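Visitor: Dropping a structure here in structure tokens format, bear with me for questions.
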Number of protein chains: 4
Amino acid sequence: MIHLFTTGGTIDKIYHDANSEFTVGDSLLPELLEEANVTVPWRVTGLLRKDSLELTSDDRQQVREAVAACPEERIIITHGTDTMAATAAVLDGTPGKTIVLFGAMQPARMRRSDAAFNLGFAVAAVRLLPAGVYVAMNGEVFEAGKVRKNLKAGRFERD
Amino acid sequence: MIHLFTTGGTIDKIYHDANSEFTVGDSLLPELLEEANVTVPWRVTGLLRKDSLELTSDDRQQVREAVAACPEERIIITHGTDTMAATAAVLDGTPGKTIVLFGAMQPARMRRSDAAFNLGFAVAAVRLLPAGVYVAMNGEVFEAGKVRKNLKAGRFERD
Amino acid sequence: MIHLFTTGGTIDKIYHDANSEFTVGDSLLPELLEEANVTVPWRVTGLLRKDSLELTSDDRQQVREAVAACPEERIIITHGTDTMAATAAVLDGTPGKTIVLFGAMQPARMRRSDAAFNLGFAVAAVRLLPAGVYVAMNGEVFEAGKVRKNLKAGRFERD
Amino acid sequence: MIHLFTTGGTIDKIYHDANSEFTVGDSLLPELLEEANVTVPWRVTGLLRKDSLELTSDDRQQVREAVAACPEERIIITHGTDTMAATAAVLDGTPGKTIVLFGAMQPARMRRSDAAFNLGFAVAAVRLLPAGVYVAMNGEVFEAGKVRKNLKAGRFERD
């Protein structure tokens, strides 16, 4: 069983005409997993709905506790890209679990988005990697504590 | 460097109005890899453009030789789902390479398709698995020789 | 009230992996009309699910009778493109109604399709045109009896 | 010949990961017109790239002058929805031209958007309506000066 937690970020953004802005909406994860005919058992838990720049220490602690408390050993977390590396560092050291964080640079609801590819990549990574905390973006796996987002280039790099 | 070979199949099908049928068209792999902002080096080689039910022993031998001859150790092959397991069995035993076959149940050009998810899954699998030949479908990894397509259920299973 | 009848054709085609072919599926018209936030009242009736090359004289008579029998004066018919002109000719002479036939060269379920544009065009046409029978394709309005499909060029022309 | 002018608004919005916001990007109009296989001659001119709440009297005057100066009689203008009715009122009285304004509640780059439908509707409207200025939204045609956006309901209404 894979347990997916959502925390918000670009991947789940919805456009609101009324105020001409994007906010975090319902997660598309279940729809994407069904489109992909994934036969491995999975469940999705919505934890937070925030831009990752707005996440507090308390939020990160909440994520750490939720991950530690659930019975599953294979954990995927969707997360805004700006502070994904910081949350990975907080989760680091969680014993006995393989934890993969990922997000998207374009909302899953766009015609062109990295969301479905990144989700597929994360599902493979969470099944094949040993216990530990990882960031999975740009077709790469990064270990927690050794990754940063290059904001200007719009991609993740080893730190 | 990841080397991707295309052989046809549902994933690259295009609709032709003139004769009301789908045929294999240009591969969407480069577009999907760019949408996903993949930073790992990759290149795509078009080998065949066939429904996998039409593949001959000679075709499979051609795939085996192309994979063996290229310098890359990380190989992804897109393939029609009906005989993907048969081609995986022919490739089995290729020394020193990690080879991942995948395809799609819906063409990549459809609004709803498993193509982008499956590609992301295959890229993670080819980077994380040891040398060997694998089928990566339905969010699962199957070893060559131990997998079959359940045509009725529309999914892959251990054999 | 606009009454939309579906008869099949490319616009509603679905891909079936099991036999690697497209068949006519549930119509996407209701979904497309909702996406477009259409506030004019509308209803959809499914009449036939055929490639238009398979339509018989009886089928065309059935369409003519359904259109004549319904109380609405504004009628849209989705139809395969190959014999759309023939069905328009059969409907010609229906008194007191504005009837617009349209279809698509690419299924509505494809990422890139002319379906939504053509539907929008047909809705405007059926509201603005006087009583009569019209084919609305390629951003043009053609009168019944004066239109043919140029199969080679993949577009409709005045005949 | 149909002449399309773009002024910005939701229809052409692009998501920027760097600052987590949408701005007006290159117009998708040419791509949408090509997807629809429109055979009527058309050309697109980019005039402004603004949210319609930011449009000034000078901007509206610029639109009026551009429309009056061009040789074409069939004019379509893409526009943000919030002040579309105000711009329509400024254009009213332009002699000898059929002018249709439209926009979208969801960016054209979203998987689900009203952009392609609304464009198709506008193309039919501009070809079939007599000289005058019109707003074409929600599958309806409104005359300039007699239309307002109902912000709360997210649709246009007669005023």
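The values are calculated or read from the model by the stated rules, or taken from the named source; none is laboratory data. Everything quoted here is computed from the prediction, not taken from an experiment. All Cβ positions, even for glycine, are placed from backbone atoms using ideal geometry, and neighbour counts span all protein chains on display. Heads up: the accessible areas ignore ligands, DNA and RNA and are worked out on the full protein's heavy atoms, side chains in. Shrake-Rupley method; radii C 1.70, N 1.55, O 1.52, S 1.80 Å.
Visitor: Within the stretch B:44-66, can one find any residue that is farther than 21 Å from B:V135 by Cβ, touching a residue at least 60 places away in the same chain (Cβ under 8 Å) and small (G, A, S)?
Guide: Among the residues of the stretch B:44-66, not one is farther than 21 Å from B:V135 by Cβ, touching a residue at least 60 places away in the same chain (Cβ under 8 Å) and small (G, A, S), which makes the answer no.
Visitor: Further question: What is the one condition in (1) in contact with a helix residue (DSSP H, G or I) (Cβ under 8 Å, 6 or more places away or on another chain); (2) closer than 30 Å to A:F142 by Cβ that B:M1 does not satisfy?
Guide: Checking B:M1 against (1) in contact with a helix residue (DSSP H, G or I) (Cβ under 8 Å, 6 or more places away or on another chain); (2) closer than 30 Å to A:F142 by Cβ, the one that fails is (1).
Visitor: Related question: Of the residues that sit in the stretch D:35-52 and are charged (D, E, K, R) and within 9 Å of another protein chain (Cβ to nearest Cβ), which one is nearest to C:G154 (Cα to Cα)?
Guide: D:E35
Visitor: Please give the number of the condition C:V135 fails out of (1) under 14 Å from the mean Cα position of the chain (by Cα); (2) under 20 Å from C:W42 (Cα atoms); (3) open to solvent by 10 Å² or more (accessible area, probe 1.4 Å).
Guide: Evaluating C:V135 over (1) under 14 Å from the mean Cα position of the chain (by Cα); (2) under 20 Å from C:W42 (Cα atoms); (3) open to solvent by 10 Å² or more (accessible area, probe 1.4 Å) leaves (3) as the failure.
Visitor: Does C:G154 meet the test of being out of contact with any strand residue (DSSP E or B) (no Cβ under 7 Å at 6 or more places or on another chain), within 12 Å of chain D (Cβ to nearest Cβ), surrounded by 21 or more Cβ atoms within 10 Å (Cβ to Cβ) and without any contact (Cβ under 8 Å) to a residue 60 or more places away in the chain?
Guide: Spelling it out, it is not the case that C:G154 is out of contact with any strand residue (DSSP E or B) (no Cβ under 7 Å at 6 or more places or on another chain), within 12 Å of chain D (Cβ to nearest Cβ), surrounded by 21 or more Cβ atoms within 10 Å (Cβ to Cβ) and without any contact (Cβ under 8 Å) to a residue 60 or more places away in the chain.
Visitor: If I filter the stretch A:43-64 for residues that are in a strand (DSSP E or B), in contact with a Pro (Cβ under 9 Å, 6 or more places away or on another chain) and at pLDDT 95 or above, do I get at least one hit?
Guide: yes
Visitor: Kindly list the number of the only condition in (1) closer than 18 Å to A:D114 by Cα; (2) open to solvent by 50 Å² or more (accessible area, probe 1.4 Å) that fails for B:R64.
Guide: Failing condition for B:R64: (1).
Visitor: Output the number of the condition that B:S27 fails; it satisfies all remaining conditions of (1) more than 16 Å from the chain's Cα centre (by Cα); (2) away from chain A (no Cβ under 14 Å); (3) within 26 Å of A:A136 (Cβ to Cβ); (4) small (G, A, S).
Guide: Of (1) more than 16 Å from the chain's Cα centre (by Cα); (2) away from chain A (no Cβ under 14 Å); (3) within 26 Å of A:A136 (Cβ to Cβ); (4) small (G, A, S), only one is false for B:S27: (1).
Visitor: As an exercise: evaluate C:A122 against (1) facing chain D (nearest Cβ under 10 Å); (2) open to solvent by 10 Å² or more (accessible area, probe 1.4 Å); (3) among the aliphatic types (A, V, I, L, M) and give the number of the one condition it does not meet.
Guide: For C:A122, the failing item is (2).
Visitor: Here is a further query. Could you go through the stretch C:9-20 and let me know if any residue there is away from chain D (no Cβ under 14 Å), within 12 Å of the chain's Cα centre (by Cα) and surrounded by 21 or more Cβ atoms within 10 Å (Cβ to Cβ).
Guide: yes
Visitor: Same structure, new question: Take the stretch A:71-123 and flag every residue that is assigned to a loop (DSSP other than H, G, I, E, B), in contact (Cβ under 8 Å) with a residue 40 or more places away in the chain and touching a Ser or Thr at 6+ places or on another chain (Cβ under 8 Å).
Guide: Those that are assigned to a loop (DSSP other than H, G, I, E, B), in contact (Cβ under 8 Å) with a residue 40 or more places away in the chain and touching a Ser or Thr at 6+ places or on another chain (Cβ under 8 Å): A:E73, A:H79, A:G80, A:T81, A:D82, A:G103, A:A104, A:M105, A:Q106, A:P107.
Results for (1) more than 14 Å from D:G9 (Cα to Cα); (2) facing chain C (nearest Cβ under 8 Å); (3) touching a Leu at 6+ places or on another chain (Cβ under 7 Å), shown as yes or no for each residue.
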position	(1), (2), (3)
D:A69	yes, no, no
D:A85	no, no, no
D:A104	no, no, no
D:D114	no, yes, no
D:R127	yes, yes, no
D:F142	yes, no, no
D:V147	yes, no, no
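Visitor: Looking at (1) surrounded by 15 or more Cβ atoms within 10 Å (Cβ to Cβ); (2) more than 20 Å from D:T23 (Cβ to Cβ), can you tell me which one A:P41 breaks?
Guide: (1)
Visitor: Considering only the stretch D:88-100, I want to know if a residue exists there that is buried (at least 24 other Cβ atoms within 10 Å of the Cβ), within 19 Å of C:A122 (Cα to Cα) and in contact with an Asp or Glu (Cβ under 7 Å, 6 or more places away or on another chain).
Guide: The answer is no, given that none of the residues of the stretch D:88-100 is buried (at least 24 other Cβ atoms within 10 Å of the Cβ), within 19 Å of C:A122 (Cα to Cα) and in contact with an Asp or Glu (Cβ under 7 Å, 6 or more places away or on another chain).
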